[in-house]
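Peer 1: This structure is in structure tokens; I'll ask about it shortly.
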Amino acid sequence: MNMKQMFTKIKILPLENTLIHEGTVKRWVEKVAEYIQHDGFIKHPVVVTENSGKYIVLDGMHRVAALKELGVRDIAAYIVDYDKNVKLYGWDGLILSPISIHDSLEHFKNGRDFKIIRISSYEEARKLLALRNIYFFMMGKKEIIDAVAPPDASTHIELEEWISCFRSMEEKLDEAGHKIIYIADSQSLQDFRDSNAHVLFGRPSFTKAEVLKRTLQSKIFPRKSTRHVIPGRPLRVDVDLTLLREHIDIETKNQLLQSRLKWAWENNMVRYYPDSVFVFSD
């Protein structure tokens, strides 16, 4: 995609037509809203894909929720082809506070029809999770791994049951006051070994078809359920909050946005950086 083609994918959209697909954290929403209000503009467009007349947000849930809190009408978005241009992965959790895996899983089970099973290796745990034969797993510093599984460990767990169990465990961890940070599942084992975290929390991952279907059904995945990799996403577009609030038609707003992008291009303000980045705030 060349630069002019990218500009056509950066648009202002009605906020009411955007759908978030995973949960948000209230304190993060409040903090993002505070930043946006203070700055007076949206720095980075959220990333969306169009489906059935709606725009499903792939990245930027907290910005969407923050704009709704601020009573804004519209949002700046970057529209991508979900099938062709986006890769989908998952997140694992690192539990930073001291925690007994055995006690936590027994408390979670609490008479319910689950089994707690011992798994011989991280690779095996990851395989069982991919096959949906376990709900999730936990590994301590001695790399002893326990997992929560259905009564028949060979059962393929249905999606809604899988999500319900996984969400319930995270709620238990939240209630107990455990701090979790989220790490890309592809590097979580090494990051866990290198960190001071007490437990690696192996979490489920999902498919693009599941993301689309559940979102259009107004079903929300638990927070940090998906990790979308979007190549060449635009940053620092800096769309004025006043423009997003104005009661003028979307076509006019987009004409103004395109004029700004054209000006940035003509004044040599657009840069392409192929380097990896670390993001410290949404």
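Peer 1: List the residue pairs whose Cβ atoms are under 7 Å apart, where the first residue sits in region 153-168 and is within 13 Å of residue 221 (Cβ to Cβ), the second is exposed (fewer than 14 other Cβ atoms within 10 Å of the Cβ), and the two are 6 or more positions apart or on different chains.
Peer 2: Going by the 7 Å Cβ cut-off, there are no qualifying pairs.
Peer 1: Now a separate question. Kindly establish whether residue 161 is closer than 20 Å to residue 184 by Cβ, in a helix (DSSP H, G or I), modelled with pLDDT under 95 and out of contact with any helix residue (DSSP H, G or I) (no Cβ under 6 Å at 6 or more places or on another chain).
Peer 2: So residue 161 fails the test.
Peer 1: Under the condition of being in contact with a Phe, Trp or Tyr (Cβ under 7 Å, 6 or more places away or on another chain) and surrounded by 20 or more Cβ atoms within 10 Å (Cβ to Cβ), which residue from region 130-144 is farthest from residue 214 (Cα to Cα)?
Peer 2: 139
Peer 1: Among the charged types (D, E, K, R) and at pLDDT 95 or above, is that true of residue 59? Spell out the reasoning first.
Peer 2: Numbers: among the charged types (D, E, K, R): yes; at pLDDT 95 or above: yes.
Considered against the rule, which asks whether it is among the charged types (D, E, K, R) and at pLDDT 95 or above, residue 59 comes out as yes.
Peer 1: Looking at region 200-217, can you tell me whether even one residue there is in the same structural domain as residue 120 (by TED's automatic domain parsing) and aliphatic (A, V, I, L, M)?
Peer 2: yes
Peer 1: Considering only residues of region 236-252 that are over 17 Å from residue 70 (Cβ atoms) and surrounded by 14 or more Cβ atoms within 10 Å (Cβ to Cβ), which is nearest to the chain's Cα centre (by Cα)? Please lay out each step first, then the result.
Peer 2: Quick first cut of region 236-252, residues over 17 Å from residue 70 (Cβ atoms) only: 236-237, 248-252.
Subset that is surrounded by 14 or more Cβ atoms within 10 Å (Cβ to Cβ): 237, 250.
On the way: 237: 21, 250: 27 Å.
Only one residue tops the list, namely 237.
Peer 1: Among the residues of region 164-186, how many are surrounded by 13 or more Cβ atoms within 10 Å (Cβ to Cβ) and either at positive phi or touching a Ser or Thr at 6+ places or on another chain (Cβ under 8 Å) (or both)?
Peer 2: Of the residues in region 164-186, 4 are surrounded by 13 or more Cβ atoms within 10 Å (Cβ to Cβ) and either at positive phi or touching a Ser or Thr at 6+ places or on another chain (Cβ under 8 Å) (or both).
Peer 1: Please enumerate the residues belonging to region 164-180 that are over 14 Å from residue 134 (Cβ atoms) and either of a type in the set (Phe, Trp, Tyr) or in contact with a strand residue (DSSP E or B) (Cβ under 7 Å, 6 or more places away or on another chain) (or both). Step through it out loud before you land on a result.
Peer 2: Going through region 164-180, the residues over 14 Å from residue 134 (Cβ atoms) turn out to be 164, 167-168, 170-180.
173, 178, 180 - these are the residues of region 164-180 that are over 14 Å from residue 134 (Cβ atoms) and either of a type in the set (Phe, Trp, Tyr) or in contact with a strand residue (DSSP E or B) (Cβ under 7 Å, 6 or more places away or on another chain) (or both).
Peer 1: Of the residues 222, 204, 231, which is within 18 Å of the chain's Cα centre (by Cα), touching a residue at least 40 places away in the same chain (Cβ under 8 Å) and loosely packed, with under 12 Cβ neighbours inside 10 Å? I'd like the intermediate steps shown before the answer.
Peer 2: Numbers: 222 fails: loosely packed, with under 12 Cβ neighbours inside 10 Å; 204 fails: loosely packed, with under 12 Cβ neighbours inside 10 Å.
None of the other options fit; the residue is 231.
Peer 1: Answer with yes or no whether residue 88 is in contact with a Lys or Arg (Cβ under 8 Å, 6 or more places away or on another chain), under 26 Å from residue 171 (Cβ atoms), assigned to a strand (DSSP E or B) and not polar (S, T, N, Q). Don't jump to the end; show me each part of the working.
Peer 2: Numbers: in contact with a Lys or Arg (Cβ under 8 Å, 6 or more places away or on another chain): yes; under 26 Å from residue 171 (Cβ atoms): yes; assigned to a strand (DSSP E or B): yes; not polar (S, T, N, Q): yes.
For residue 88, the condition - in contact with a Lys or Arg (Cβ under 8 Å, 6 or more places away or on another chain), under 26 Å from residue 171 (Cβ atoms), assigned to a strand (DSSP E or B) and not polar (S, T, N, Q) - is met.
Peer 1: While we're on this one: Which of the residues spanning region 45-85 are in a loop (DSSP other than H, G, I, E, B) and either out of contact with any helix residue (DSSP H, G or I) (no Cβ under 7 Å at 6 or more places or on another chain) or closer than 30 Å to residue 126 by Cα (or both)?
Peer 2: Residues of region 45-85 in a loop (DSSP other than H, G, I, E, B): 45, 52-53, 60, 70-73, 80-81.
Of everything in region 45-85, those that are in a loop (DSSP other than H, G, I, E, B) and either out of contact with any helix residue (DSSP H, G or I) (no Cβ under 7 Å at 6 or more places or on another chain) or closer than 30 Å to residue 126 by Cα (or both) turn out to be 45, 53, 60, 71, 80, 81.
Peer 1: Anything in region 82-127 that is under 25 Å from the mean Cα position of the chain (by Cα), free of Cβ contacts under 8 Å to residues at least 40 places away in the same chain and buried (at least 18 other Cβ atoms within 10 Å of the Cβ)? List them, or say none.
Peer 2: Listed by number, the list is empty, since nothing qualifies.
The values are calculated or read from the model by the stated rules, or taken from the named source; none is laboratory data. Since the model is a prediction, treat every value here as computed from it, not as a measurement. Here the Cβ is made from the backbone with ideal geometry for all residues, glycine too, and neighbour counts use every protein chain on show.
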